[in-house]
Amino acid sequence: MEVLERIDAVQKRCEDLRLSGKTLGFVPTMGFLHEGHLELMRIAKRHADVVIVSIFVNPAQFGPAEDFDRYPRDTEGDLEKARSVGVDIVFLPSVPEIYPDGYQTKVSVDRLTKHLCGVSRPGHFDGVTTVVAKLFNITKTHIAVFGQKDYQQLTVISRMVRDLNMDLDIVGVPTFREPDGLAMSSRNAYLDPEQRRSALSLKKSLDLARHLLEKGERRAEEVKKAVEGLILSHPHTAIDYVTLCDPVTLEDVETLEAETLLALAVKVGNTRLIDNCLLGGASKNEDIPKQKGQRE
Ligand code: AMP
């Protein structure tokens with residue numbers, strides 16, 4: 001496994017690989033890797049000849065009061081894990097490598113970023129799309145793999161790729177969970193044992209919503225109330241949002257007639273966690289969306 005820190009080195013290596021006829025698969029991460037990340041890498045490996053992973057805690061996607069400084073980091077452990085799943089190249093840039101003096105360009109997706117996490121994290125998605133666009137230009141990858149756990153991020157990036165005619169395919173991967181259902185996240189490391197128990201309320205509330213739907217409930221407001229009630233019955237929880245929305249536009253819905261996204265952001269102690277599921281319709285939330293040109 002090659003570990004590269006310089007943009008020009010990655011660009012040259014990736015260009016050579018493309019010219020030699022290899023297909024490239026790319027998994028961008030912020031490190032502190034867990035099984036969810038590794039699953040993305042395994043899937044990239046199934047779709048491409050060469051897998052590139054970036055590890056970069058991107059300051060541009062953190063707000064001033066957010067956890068950039070204390071975001072968990074473990075470069076040595078990450079490299080070991082990436083190696084264990086057969087990653088070929090790890091790109092490990094510094095902050096000035098990505099944002100050198102004089103840097104002043106932003107990539108911004110408009111309406112999709114106004115909803116869900118965009119409300120309480122202004123500027124967050126501009127930070128994400130900017131760094132991801134740069135990473136796509138650096139790696140010139142054929143495919144890039146993202147988790148459905150960050151459903152809005154996946155939607156926003158897919159939109160950016162279409163809108164800017166970026167020549168790659170996006171693959172979305174279902175949320176990888178701990179055995180008890182908690183969605184894996186680097187931020188789970190912040191939770192103490194009691195908070196860890198309360199964090200389970202997110203997955204439990206998704207299950208409750210599914211159950212209510214099966215029993216015939218179609219009113220978004222009722223489902224939302226039940227979900228909020230369940231979450232708030234656990235200690236240390238505060239709701240950022242519980243939203244039932246159209247899975248394509250992310251606009252709120254009042255009734256659950258068509259397929260609906262239930263998305264949650266909850267603070268457990270000081271840790272902000274997100275989770276989501278697709279409800280109703282011809283729900284295919286456990287499937288990886290097939291993308292144009294995707295290799296079997
Ligand atoms: P992060 O390091 O949190 O920026 O995540 C890097 C990538 O891993 C993103 O595409 C995330 O959506 C994805 N990811 C994070 N957690 C999970 C999970 N539990 N299951 C699937 N993908 C995940």
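The values are calculated or read from the model by the stated rules, or taken from the named source; none is laboratory data. Keep in mind the model is a prediction, meaning the values are calculated, not measured. We place every Cβ from the backbone using ideal geometry, glycine too, and count neighbours over all the protein chains shown. Heavy atoms of the whole protein, side chains included, go into the accessibility calculation; ligands, DNA and RNA do not. Shrake-Rupley method; radii C 1.70, N 1.55, O 1.52, S 1.80 Å.
Against the chain, whose longest principal axis comes from its Cα atoms, helix 75-84 is set at around 90 degrees. Considering only 213, 168, 154, the Gaussian network model of the chain with Cα springs below 10 Å gives its largest mean-square fluctuation to 213.
Take every Cα pair under 8 Å whose residues are at least 6 apart in sequence, average their separation, divide by the length of region 186-279, and the relative contact order is 30 percent. Relative to the dominant Cα principal axis of the chain, helix 35-47 is inclined by about 60°.
Enter the accessible area per residue of region 186-279 (Å², integer; probe 1.4 Å; all protein chains in place). Provide the component values of the computation, followed by the final result.
Working: 4370 Å² over 94 residues.
Here the residues of region 186-279 average 46 Å² of exposed surface.
For region 109-217, the Cβ-based charge dipole about the Cα centre amounts to some 80 debye (Lys, Arg positive; Asp, Glu negative; other atoms uncharged).
Taking a Cβ cut-off of under 12 Å around residue 144, the surrounding Lys, Arg, Asp and Glu residues balance to a net charge of -1, with basic ones at +1 and acidic ones at -1. Principal-axis analysis of the Cα atoms of the chain puts helix 220-232 at an angle of about 80° to the longest axis. Can you give me the % of accessible surface on region 159-240 that is carbon or sulfur? Probe 1.4 Å, all protein chains present, nothing else counted. For region 159-240, the apolar C and S fraction of the accessible surface comes to 49 percent.
What separates the Cα centres of region 211-277 and region 23-95 is a distance of 29 Å. Go through region 77-157 and name the trypsin sites (Lys or Arg not before Pro) that are in a DSSP coil and have 13 or fewer other Cβ atoms within 10 Å of their Cβ. Passing sites in region 77-157 are 106.
Direction-averaged projected area, Cα convex hull, the chain: 15.3 nm², rounded to one decimal. When the chain is treated as a Gaussian network with alpha carbon springs shorter than 10 Å, the biggest mean-square fluctuation among 137, 188, 276 belongs to 137.
With charges only on Cβ, +1 for K and R and -1 for D and E, what is the dipole size of region 163-236 about its Cα centre, in debye, rounded to 20? Provide the component values of the computation, followed by the final result.
Values: 12 positive and 13 negative charges, 79 e Å.
Using only the charged Cβ atoms, the result is roughly 380 debye.
Highest mean packing first, where packing is the average number of other Cβ atoms within 10 Å per residue, the peptides 230-242, 63-75, 121-133 line up as 121-133, 230-242, 63-75. Put a plus charge on the Cβ of each Lys and Arg, a minus charge on the Cβ of each Asp and Glu, and nothing anywhere else: the dipole of region 186-279 about its Cα centre is then about 500 debye. Distant-in-sequence amide contacts of residue 23, defined by a placed amide H-H separation under 5 Å and a gap of 5 or more residues or a different chain, comprise 49, 50.
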